[in-house]
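Chemist: This is the structure I want to talk about, given as structure tokens.
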Amino acid sequence: MVLSACAGPAQYYAGTGVHDATVAEAAGTWENIENTRLTLRRDGTASFQHLDGRNFDFDDGWRVSGTGTWKLGADGQDIRLTMTARTGAGTRSDASVVDASASAPATYRWSIHVDRDEREALALFFFIGDPDNGSTYVLRKVTAQKAPAPATPAADGESER
């Protein structure tokens, strides 16, 4: 008798090799497309808007907003986010179902992997769809934008822009 099974990347996923992420680095606001926003606070609380499900749940098309808790895994390689209160639900624009919000969970857990980008800054991601396909949902940290410098008077009395 011969047995066969899928053995794609997620089945044997060993992580990114990043083991040094800190709470201070992870804390902040993270974004993805379609107004997804995840805020991780240093006190272990979190809030999020329009966050999609992971793995096969992504295929259901729902998106949730809510609050919860988060913690960095002991090995500094992942973030465990738990939704404790759903404040909203909706449907992704590319979802094949009409109203995925009806199937959106009231509570949910994400295991979000930690990686580093080309500048060594943290990047967060989780697998979406069939985990064996290796498709990822990447969240990038929002950086504080510098406010424009106030106009300074030029030597001829006009202001510079």
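The values are calculated or read from the model by the stated rules, or taken from the named source; none is laboratory data. These figures come from a predicted structure and were not determined experimentally. In this analysis, Cβ positions are derived from the backbone assuming ideal geometry, glycine residues included, and neighbour counts consider all displayed protein chains. Each accessible area value is taken on the protein alone, full model and side chains, heavy atoms only, with ligands, DNA and RNA left out. Shrake-Rupley method; radii C 1.70, N 1.55, O 1.52, S 1.80 Å.
Chemist: Test GLY90 against the stated conditions and say whether it is touching a residue at least 24 places away in the same chain (Cβ under 8 Å) and assigned to a strand (DSSP E or B).
Modeler: In short, yes.
Chemist: Name the single residue, out of those in the range 93-109 being open to solvent by 50 Å² or more (accessible area, probe 1.4 Å) and in a loop (DSSP other than H, G, I, E, B), that is modelled with the lowest pLDDT.
Modeler: Checked the range 93-109; the qualifying residue modelled with the lowest pLDDT is VAL98.
Chemist: Can you tell me which residue among ALA46, ALA123, ALA74 is in a strand (DSSP E or B), modelled with pLDDT under 95 and within 22 Å of VAL23 (Cβ to Cβ)?
Modeler: ALA123
Chemist: I'd like the full set of residues that are buried (at least 20 other Cβ atoms within 10 Å of the Cβ) and among the acidic types (Asp, Glu), limited to the range 55-92.
Modeler: Result: ASP78, single match.
Chemist: Does any residue of the range 110-120 turn out to be modelled with pLDDT of 95 or more, open to solvent by less than 20 Å² (accessible area, probe 1.4 Å) and under 20 Å from PHE56 (Cβ atoms)?
Modeler: Yes - at least one qualifying residue is present in the range 110-120.
Chemist: Going through the range 48-75 one residue at a time, which ones are in contact with a Ser or Thr (Cβ under 7 Å, 6 or more places away or on another chain), touching a residue at least 40 places away in the same chain (Cβ under 8 Å) and at positive phi?
Modeler: HIS50
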